[in-house]
Amino acid sequence: LRVFGHFSLRSEWQLVKVDYKSLFSHRCTKDDYQTWHLHNQGEPCVMGERKIYKKRKPGAQCSLGRDYSQTVVSEPCVCGQGDFECDYGYERHSNNQCIPAFWFSPSSLSKDCNVGQNYWNSTGYRRIVSNNCTDGLREKYMARMEKCPGKAPRGLHILTSDGKLVLEQGHNATFIILMEEGDLQRTNIQLDFGDGIAVSYANFSPVEDGIRHMYKSAGIFQVTAYAENSLGSDTAVLFLHVVCPVEHVHLSVPFVAIRSKDVNITAVVWPSQAGTLTYFWWFGNSTKPLITLESSISYMFTVEGMNTVTVQVSGGNTLIQDTKEIAVHEYFQSQLLSFSPNLDYYNPDIPEWRQDVGKVIKRALAQVTGIPDEQILVAVFPGLPTSAELFILPHKNTTERRKSSQADLEQVVEILFNALNQNLVQFELKPGVEVVVYVTQLTLAPLVDSSSGHSSSAMLMLLSVVFVGLAVFLIYKFKRKIPWINIYAQVQHDKEQEMIGSVSQSENAPKITLSEFTDPEELMDKELDTRVMGERQ
């Protein structure tokens, strides 16, 4: 007994009792069934198969037995166009044909195939999955077994195992060689690492896991792979950057620069053979750096005062930087300084020591002469004998009136030179060690100016020096032909000997020449304890 019901609009259930035994009182016989053909819009073949089913006739009240089977007839159909779809890499076009897509190469199916072997070559079609059709177009569209053709190498590629093109010196590089087409077993492989070393293999079997190599020096290396067989050859190139981690960078800049004139700035990197490096230059308050591959750059400062220069050096995974300050002015004067010889004994030749000594000399000059600190800059040179350069800068508030400013600057220079010539500038390096500051008789920049008004006088001075030099050369060249030249030279020599003894500043004054200035070397830090002595009475 089964109970059927429905939900009415009045939300009431109406229950109906049906007598199941009275409806299905007997089992179905042949007369209670009728046939039913499965079709697809009139087409009797569905998925390559024709099927006929039986079902109860309408109104037949009988029960189905356990041996009931719906299918009466099931037979395969002949394969037609609708039983196939386009194979991988093929597209169906308007003419209902499957042709290769623009990105697909049918010959790639045999790229891993060696001569003497067989492979399935697609016709562009494949039977739809679960389709059971037979004969017909099946033989035409099914893939064919073909022998592997011999092919020349094509599509050769070389890459590193980690995909990176930067390698630190001393580490192994693993190169992977790939080839799109060609007989892998009958193709010779040669790999040139670019550092004078190359390897060769008879086939691809030994290189499937990659080829390892270690570079002993830094630089950019052109790695070349060459594949060749009896039908042709192919080449692939990779550029590998081998870098040595940079450990230190020193920014070499002038202490003072002229406004609106180019200044050469150099970054000295250690170790020097670090390979390919990228330099990021920051000037003043700029928010975007200038990027170069060279360690030197030329820059023009347009703002007077102290300007900051920062360089960042990038090599591999390392990034280091150095910062320096440059005093930029429209004009200035400079003078070389020398010191009593006892200073050389205590000179460790390191940057920190030179900076400290420069500050001590600056304070000594300011204390003796009364000149403001901002108008004095002392830069101690590296190397021995110890020497320095004194920069005399214009006052900050007098740059608008050039003529009066230059006159004031000349007065400052005269005051400083008088104090130096009288041996008034001294400082105590340590108890019992007095160091005297002298003026070296060679001026690097007597007056540096960027205006056009002084260019004519400078040119005239330069021409005068050239003419004097030419005259000296001619006299030296032809002195034997001039009878009075030897007598004059001898008399001049005697007079000079007398003058030297009378006007010498001090017996201890050293004789400094530019050829004695050595290159910088950075040594260990040493502490300097100095104080400034006042004017000797």
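Scanning the range 150-172 for residues that are touching an Asp or Glu at 6+ places or on another chain (Cβ under 9 Å) and on the phi < 0 side of the Ramachandran plot returns G150, K151, A152, P153, R154, L156, H157. Screening the range 195-218 for residues that are at pLDDT 90 or above and buried (at least 18 other Cβ atoms within 10 Å of the Cβ) and picking the one that is farthest from C148 (Cα to Cα) gives Y215. Looking across the range 112-136, the residues that are of a type in the set (S, T, N, Q), closer than 21 Å to M179 by Cβ and open to solvent by less than 80 Å² (accessible area, probe 1.4 Å) come down to N114, N121.
Does at least one position in the range 338-349 carry a residue that is within 42 Å of the chain's Cα centre (by Cα), at pLDDT 90 or above and open to solvent by less than 50 Å² (accessible area, probe 1.4 Å)? Explain how you work it out, then say what you get.
Keep residues of the range 338-349 that are within 42 Å of the chain's Cα centre (by Cα), which gives 347-349.
Going one step further and asking which of them are at pLDDT 90 or above, we end up with 347-348.
Restricting the remaining residues to those that are open to solvent by less than 50 Å² (accessible area, probe 1.4 Å) gives 347-348.
There is at least one residue in the range 338-349 that is within 42 Å of the chain's Cα centre (by Cα), at pLDDT 90 or above and open to solvent by less than 50 Å² (accessible area, probe 1.4 Å).
Taking the range 140-194 as the range and being open to solvent by 70 Å² or more (accessible area, probe 1.4 Å), within 20 Å of M214 (Cα to Cα), in contact with a Ser or Thr (Cβ under 9 Å, 6 or more places away or on another chain) and assigned to a strand (DSSP E or B) as the test, the residues that pass are V166, Q190. The set of residues from the range 301-316 being open to solvent by 40 Å² or more (accessible area, probe 1.4 Å), assigned to a strand (DSSP E or B) and either in contact (Cβ under 8 Å) with a residue 24 or more places away in the chain or in contact with a Lys or Arg (Cβ under 6 Å, 6 or more places away or on another chain) (or both) comprises T308, Q312. Within the range 114-123, is there a residue that is at pLDDT 90 or above and not in a strand (DSSP E or B)? Yes, there is a match, as at least one residue in the range 114-123 is at pLDDT 90 or above and not in a strand (DSSP E or B). For the condition touching a residue at least 24 places away in the same chain (Cβ under 8 Å), of a type outside the set (F, W, Y) and surrounded by fewer than 18 Cβ atoms within 10 Å (Cβ to Cβ), S272 does not qualify.
Looking at the range 275-286, which of its residues are surrounded by 13 or more Cβ atoms within 10 Å (Cβ to Cβ) and either over 18 Å from the mean Cα position of the chain (by Cα) or free of Cβ contacts under 8 Å to residues at least 12 places away in the same chain (or both)?
As a first pass, look at the range 275-286 and keep what is surrounded by 13 or more Cβ atoms within 10 Å (Cβ to Cβ): 275-277, 279-284.
F283, G284 - these are the residues of the range 275-286 that are surrounded by 13 or more Cβ atoms within 10 Å (Cβ to Cβ) and either over 18 Å from the mean Cα position of the chain (by Cα) or free of Cβ contacts under 8 Å to residues at least 12 places away in the same chain (or both).
Of all residues in the range 223-243, those that are closer than 22 Å to S314 by Cα have Cβ atoms under 9 Å from Cβ atoms of residues that are among the acidic types (D, E) and surrounded by 16 or more Cβ atoms within 10 Å (Cβ to Cβ), 6 or more apart or on another chain, in V242/E168; V242/D195; V243/E168. Taking the range 26-67, which residues are open to solvent by 90 Å² or more (accessible area, probe 1.4 Å), polar (S, T, N, Q) and part of a loop (DSSP other than H, G, I, E, B)? Selection gives Q41, Q61.
Taking the range 343-399 as the range and being hydroxyl-bearing (S, T, Y) and on the phi > 0 side of the Ramachandran plot as the test, no residue passes. Scanning the range 384-411 for residues that are surrounded by 17 or more Cβ atoms within 10 Å (Cβ to Cβ) and either at pLDDT 85 or above or outside any helix (DSSP H, G or I) (or both) yields P385, T386, S387, A388, E389, L390, F391, I392, L393, P394.
Go through the residues of the range 317-331 one by one and say whether even a single one is closer than 21 Å to N423 by Cα, open to solvent by less than 30 Å² (accessible area, probe 1.4 Å) and touching a residue at least 60 places away in the same chain (Cβ under 8 Å). Before the answer, list the steps.
Taking the range 317-331 first, the residues closer than 21 Å to N423 by Cα are none.
No, the range 317-331 has no match at all.
The values are calculated or read from the model by the stated rules, or taken from the named source; none is laboratory data. The structure displayed is predicted, hence computed values, not measured ones. For neighbour counting, all protein chains shown are included, and Cβ atoms are generated from backbone atoms with ideal geometry for every residue, glycine included. These area figures cover heavy atoms from the full protein model, side chains too; ligands, DNA and RNA do not enter into them. Shrake-Rupley method; radii C 1.70, N 1.55, O 1.52, S 1.80 Å.
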